Amino acid sequence: MITLTTGALAQDISAKPWLRTVLPEQTLAYLRVPNLWGVLGAPKGTALDTLQSAPANAALFAELRAGLQNTWLTPLSDVWGAVPELLLGELSSPLEAAALMPVDETAAGPQVLLTGTLQADTLAAAQAVLERIISSEPQLQWGEPLNDAGEGLILIMGQPVQVYYQLPEQRLFMLGGVELVPAALSRLSTRLQSRSNHPMYALEAEIDASGQGLFLWIDAASAAQIAASVAPPPVLMMLQLSGALEIQQLAMGMGASAGKSRTKLVALMPPTGFRRFLPVPDAALTVAAVEAISTAGVLALPSVTDWRAFKQLLQQLSPEAATELTQAEQAMQEYLGFDIEDWWQTIGPEWLYIDDAAGQYGALRIRDWARFEAMTGHLIEQFGLGFEQRQINDISYSHLTIPSFYNTDDEFADLANDRLIGVIMKLSQAATHVYWKQENDYLILASVPQVLIDRDALKPELPVGDWLTQQIKLPSENAVFAVATQADGIPSMFYQWHLQMLQYLGDIVERPVDLFDLPTPRQVELPASGGYGFKLGSGADRLELELLYETNPLELLFAGNTMTSIAVAGILAAVAIPAYQDYRVRAEVTQSFEEIQRLQSLLEGFYADNGRFPAAEEFTELANSVLIESYAIADLAFDPVTAQLSIVLAAPDEVYGESVFLNAEVLNGQINWQCATDSYQTKLYPAECR
């Protein structure tokens, strides 16, 4: 009999997670999968808390759950086995799992502990639940049924998993690992002690303080040591170049914290590897806006140090691209009179876009005002730009006029003779106008002066950084790119949808919901407007990606044009960019295989003429005849005994150094080729090599 202190019975919609409170120091990873009922109805510290914390809400979900068990679990289980019964019927808490490093001889490697609370309130009921799960899954079978102490053994694909069902807490424990000793779960219980601090807790509080969301945490430093000891050299090199081996902790999930719901990924790591492509902004966003901010965005600009680090990394990864960049810098110097480093010494570290009661405008922080004025003066003189300054209400406003690049009197004159093109060029003759004023460290810019004049009249006093952090709840620190908006009416609209969802569930599970019993948006004190945002952050010791919303990520699609565009662009980029990259690499690999196919044809011809495969010297002569200047093949060899053609690829870069093996099989005078590769990126190779 083992004793594990787990706390009170799960009487709410979804009990609080327990394993997170007793994690040993030697935890390699922790995963929390939310209870589906908790996702729909448990309080999480968001705008719906007034409703979801009410006893009537818990009673409502108890009815819905009972109705589902009576009407839908059997047909669902007939299709998907025992999974619906476990997730929708029996599970009454989040499902938690932890990978634990052994501290004694209980296992030969990491152990995986899985736990959650069930509805079963007796050992017989728990045995029946496990019996139904095991009988519906062919890869599961009993090793030892639960005994009177609640201990048992389940075989998963022949591997033993120790089981313990604890009463009265109604908590199920399952422990698996390599070469577990019989008492491993019992001995593990001594390590599961309540604790107030763990390295995971700080990141968990950022992503899902509610305990009811999806959350994954990895001790990446320990995982990196394991990966470095087992990874093949090409993979290890990739991990080192990317900086992945420098990650200390990695956390991601969908949950709620600081009163908002969010999807977030955080990697605690120094600015190394791929992170050298990103600046590390550390300045506060002190530019002020008018109180009624609708939308604000920030883009961090690199310093000279950031720029030089970027060029150094580019030189390591792609010398050709680094050379092209150097040539571009030289061309910029010749054309403008200053280079990119001069530019980054002058402006930064950020550019902001602001939409408030005054209108839409930008704010550019200036590092060196004297250098900025000198560069601006040089451009005005060199390119004949128009420039004037006006004094209005004792405030100086600047106006820069940039002429059109189209000029029918010079090299475009011949094109202008075409009537249609001529009309288009006439319409393109309009100049570009930019208006600005200096304000502390910032240049405030707009497309018309009225925005600047109104802004000064309205007296901006709200720092954009404070608005992002305090009102939107999107921390502005270390933002490489961030955008946030406030949108009216969305919380109320999604609350109505939530009520409709409850009514729909009640109807289909034959437990009708009386919406008159539930409060109105005003009664639950929903905010009139919702705050939504996106952030890519790069700090001295962290990289983070965050999407913020009130209660449902679908709200982003209704949060105004700005956030909709970002959401759609983000989704398209997430799907299209990797797909395009894979397509491009596969196309280049296919081109490389065209050279390989020429070698195969030569070998087939040699065999047809001589009744044998060529010796090493003969093969070298054949290969040299078709691979005079091969860009795709770094090395190759042919073994006439085994009839194996071995090729080491040189291009494209993504498969550099990987090997392809082609084995010739002669059957009735015909040669058939079997292809294989040592690459872990098999999707990049032709189908016959996967």
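The values are calculated or read from the model by the stated rules, or taken from the named source; none is laboratory data. None of these values were measured; they are calculated from a predicted model. Here the Cβ positions follow ideal geometry from the backbone for every residue, glycine too, while neighbour counts run over all protein chains shown.
Table: residues versus (1) part of a loop (DSSP other than H, G, I, E, B); (2) under 23 Å from residue 232 (Cβ atoms); (3) aromatic (Phe, Trp, Tyr); (4) in contact (Cβ under 8 Å) with a residue 24 or more places away in the chain.
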{"site": "593", "(1), (2), (3), (4)": "no, yes, yes, yes"}
{"site": "598", "(1), (2), (3), (4)": "no, no, no, yes"}
{"site": "619", "(1), (2), (3), (4)": "no, no, yes, no"}
{"site": "622", "(1), (2), (3), (4)": "no, no, no, no"}
{"site": "638", "(1), (2), (3), (4)": "no, no, yes, yes"}
{"site": "657", "(1), (2), (3), (4)": "yes, yes, no, yes"}
{"site": "661", "(1), (2), (3), (4)": "no, yes, yes, no"}
{"site": "665", "(1), (2), (3), (4)": "no, no, no, no"}
{"site": "673", "(1), (2), (3), (4)": "no, no, yes, yes"}
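Is it the case that the stretch 447-458 has a residue that's at pLDDT below 95, of a type in the set (A, V, I, L, M), surrounded by 21 or more Cβ atoms within 10 Å (Cβ to Cβ) and part of a helix (DSSP H, G or I)?
No: zero hits.
Out of the residues in the stretch 40-74 that are β-branched (Val, Ile, Thr) and in a helix (DSSP H, G or I), which is surrounded by the fewest Cβ atoms within 10 Å (Cβ to Cβ)? Talk me through it step by step, then tell me what you get.
Quick first cut of the stretch 40-74, residues β-branched (Val, Ile, Thr) only: 46, 50, 71, 74.
Going one step further and asking which of them are in a helix (DSSP H, G or I), we end up with 50, 71, 74.
Numbers: 50: 14, 71: 14, 74: 11.
Looking at residues that are β-branched (Val, Ile, Thr) and in a helix (DSSP H, G or I), I get 74.
Please work out which one of (1) in a loop (DSSP other than H, G, I, E, B); (2) at pLDDT 90 or above; (3) over 22 Å from residue 186 (Cβ atoms) is the condition residue 138 fails and give its number.
Condition not satisfied by residue 138: (2).
Identify the residue in the stretch 318-340 that is surrounded by fewer than 13 Cβ atoms within 10 Å (Cβ to Cβ) and aliphatic (A, V, I, L, M) and, among all such residues, is farthest from residue 377 (Cα to Cα).
321
Give, as residue ranges, the helices (runs of 4 or more DSSP H) completely inside the stretch 166-277 that count at least 1 residues that are closer than 26 Å to residue 680 by Cα and hydroxyl-bearing (Ser, Thr, Tyr). Working first, answer last.
Working: elements: 184-188, 201-207, 220-230, 233-242.
Fully inside the stretch 166-277 and qualifying: 220-230, 233-242.
Return the residues of the stretch 375-401 that are loosely packed, with under 14 Cβ neighbours inside 10 Å and more than 26 Å from residue 454 (Cβ to Cβ); say none if nothing qualifies.
Within the stretch 375-401, 377, 378, 381, 382, 383, 384 qualify.
Pick out the one residue from 366, 293, 340 that is closer than 23 Å to residue 400 by Cβ and either touching a residue at least 60 places away in the same chain (Cβ under 8 Å) or touching a Leu at 6+ places or on another chain (Cβ under 7 Å) (or both).
Working: 293 fails: closer than 23 Å to residue 400 by Cβ; 340 fails: either touching a residue at least 60 places away in the same chain (Cβ under 8 Å) or touching a Leu at 6+ places or on another chain (Cβ under 7 Å) (or both).
One residue alone meets the criteria, 366.
Which of the following residues is in contact (Cβ under 8 Å) with a residue 60 or more places away in the chain and under 33 Å from the mean Cα position of the chain (by Cα): 98, 56, 82? Steps first, please.
Details: 56 fails: under 33 Å from the mean Cα position of the chain (by Cα); 82 fails: in contact (Cβ under 8 Å) with a residue 60 or more places away in the chain.
Only one candidate qualifies: 98.
Take the stretch 6-39 and flag every residue that is crowded, with 17+ Cβ neighbours inside 10 Å, modelled with pLDDT under 95 and touching a Phe, Trp or Tyr at 6+ places or on another chain (Cβ under 7 Å).
The answer is 6, 13, 14, 23, 37.
Modelled with pLDDT under 85, surrounded by fewer than 19 Cβ atoms within 10 Å (Cβ to Cβ) and not charged (D, E, K, R): which single residue out of 183, 82, 149 fits that description? Give the steps one after another, and end with the answer.
Working: 82 fails: surrounded by fewer than 19 Cβ atoms within 10 Å (Cβ to Cβ); 149 fails: modelled with pLDDT under 85.
Only one candidate passes the filter, namely 183.
Tell me yes or no: at least one residue of the stretch 209-221 is more than 30 Å from residue 45 (Cβ to Cβ) and in contact (Cβ under 8 Å) with a residue 60 or more places away in the chain. Even if it seems obvious, please write down each step before you answer.
Within the stretch 209-221, the subset more than 30 Å from residue 45 (Cβ to Cβ) is 221.
Filter once more, so that each one left must be in contact (Cβ under 8 Å) with a residue 60 or more places away in the chain: none.
No, every residue in the stretch 209-221 fails to be more than 30 Å from residue 45 (Cβ to Cβ) and in contact (Cβ under 8 Å) with a residue 60 or more places away in the chain.
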